[in-house]
Amino acid sequence: MLPGLAAGLLLILAGSPAGALTLQFDYSFDALGFFDDQARRDRLEAAGNLIGGLLLDDLDAITPGGVNSWNAVFFDPATGLQTSVADLVVPADTLIVYAGGRDLPGTAIGEGGPGGFSGGGFQSFLDTLNSRGEPGALANPETDFGPWGGSITFDTLTTWNFDAGLPGAGENDFLSVALHELTHLLGFGIPIVDSWQNLVDAASASCATGTEFLGANAIAENAGTLCLETDGGHWEEGTQSVAGPSPQEAALDPTLTVGTRKLLTDLDLAGLQDMGWVVVPEPATLALLALGTAWLGARRRR
Ligand SMILES: [Zn+2]
């Protein structure tokens with residue numbers, strides 16, 4: 001029985017790496033009831049677990065009180081207008097995500113981004129608001145990003161696939177769009193996030209778009225010049241990478257083909273790593289398995 005027990009333990013370790021982040025969803029601004037259906041919340045939270053499980057940052061808690069007071073500022077998912085919540089309490093290693101739906105303009109089916117803030121109090125509290133304890137977020141130039149969270153919204157008039165399984169013909173895959181928008185919430189492609197924008201060369205002669213990404217991890221993953229869309233917010237349309245063992249168009253190019261699913265690729269994760277997120281290294285899984293095998297072998301010899 002012992003080998004079976006050990007194998008089970010390994011699976012648990014592999015599925016929930018120590019230090020993973022929690023994406024805590026809040027539906028209190030979902031005035032149009034897009035997420036009234038539990039199945040939709042389940043799929044969004046599955047996307048949150050997928051992303052949170054890949055990130056190992058140690059984010060400090062935001063704990064207002066006394067002279068330390070702040071407002072979390074974000075776009076109301078039901079209206080698109082700026083709104084705020086006073087003295088939001090944010091647990092350690094947690095991002096708060098306000099989620100909702102509305103009729104998005106044009107062909108957009110999702111939107112997401114990090115929130116901002118205003119606040120006052122001790123310098124240590126202001127530093128936490130600015131960085132969540134990530135030193136690179138206070139450095140000059142900034143090399144890291146430690147937000148409290150943000151908001152995401154989904155188009156109410158889109159034909160969605162909310163299932164865990166793959167979308168059918170004519171369906172837009174909700175899980176794919178949630179993963180894409182939550183990655184924007186982490187600051188990917190957001191011009192006001194310096195640890196991203198510092199890596200964008202908007203006068204590149206190497207890219208037809210004129211915009212190139214300079215992050216070392218993503219360049220290495222791409223094995224060469226890595227072009228962004230003109231706005232610097234996405235990889236160039238059609239950029240390829242791998243998701244697990246499978247070749248796939250990167251999740252953070254601008255589009256999702258109807259009837260298909262896209263998971264985060266190695267390139268998407270390398271981009272997050274370049275802007276300061278601590279991404280679960282792929283080799284760690286192998287090291288963990290090797291360690292587990294050795295431990296199992298030792299137990300068997302007894
Ligand atoms: Zn996008």
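Of note:
- Exactly one residue among Gly238, Gly215 is more than 14 Å from the ligand (Cβ to nearest atom), surrounded by fewer than 18 Cβ atoms within 10 Å (Cβ to Cβ) and assigned by TED's automatic domain parsing to the domain that holds Thr156, and that residue is Gly238.
- With respect to (1) away from the ligand (no atom under 16 Å from the Cβ); (2) of a type outside the set (S, T, N, Q); (3) under 13 Å from Asp30 (Cα atoms), the lone exception for Gly80 is condition (1).
- Test for Leu263: is it within 16 Å of the ligand (Cβ to nearest atom), touching an Asp or Glu at 6+ places or on another chain (Cβ under 7 Å) and in contact (Cβ under 8 Å) with a residue 40 or more places away in the chain: no
- Scanning segment 227-251 for residues that are free of Cβ contacts under 8 Å to residues at least 40 places away in the same chain, among the hydrophobic types (A, V, I, L, M, F, W, C) and within 13 Å of Gly189 (Cβ to Cβ) returns Leu228, Trp235, Ala250.
- Filter result for Gly187 (closer than 22 Å to Phe74 by Cα, within 19 Å of the chain's Cα centre (by Cα), assigned by TED's automatic domain parsing to the domain that holds Gly215 and part of a loop (DSSP other than H, G, I, E, B)): yes
- Failed item in (1) within 13 Å of Gly110 (Cβ to Cβ); (2) more than 16 Å from the ligand (Cβ to nearest atom), with His180 passing the rest: (2)
- Residues in segment 133-160 that are under 21 Å from the mean Cα position of the chain (by Cα) and either polar (S, T, N, Q) or not assigned by TED's automatic domain parsing to the domain that holds Gly113 (or both): Thr143, Ser151, Thr153.
- Residue in segment 98-105 that is in contact (Cβ under 8 Å) with a residue 12 or more places away in the chain, in a loop (DSSP other than H, G, I, E, B), under 24 Å from Leu50 (Cα atoms) and within 16 Å of the ligand (Cβ to nearest atom) present: no
- Candidates in segment 190-204 are the residues that are more than 14 Å from the ligand (Cβ to nearest atom) and not in a helix (DSSP H, G or I); of these, the one that is nearest to Tyr98 (Cα to Cα) is Ile192.
- Consider segment 205-227 and keep the residues that are in contact with a Cys (Cβ under 7 Å, 6 or more places away or on another chain) and assigned to a strand (DSSP E or B). The one that is farthest from Leu267 (Cα to Cα) is Glu212.
The values are calculated or read from the model by the stated rules, or taken from the named source; none is laboratory data. Note that the coordinates shown come from a computational prediction; the quantities given were computed from them, not determined experimentally. Virtual Cβ from ideal backbone geometry, glycine too; neighbours counted across all protein chains shown.
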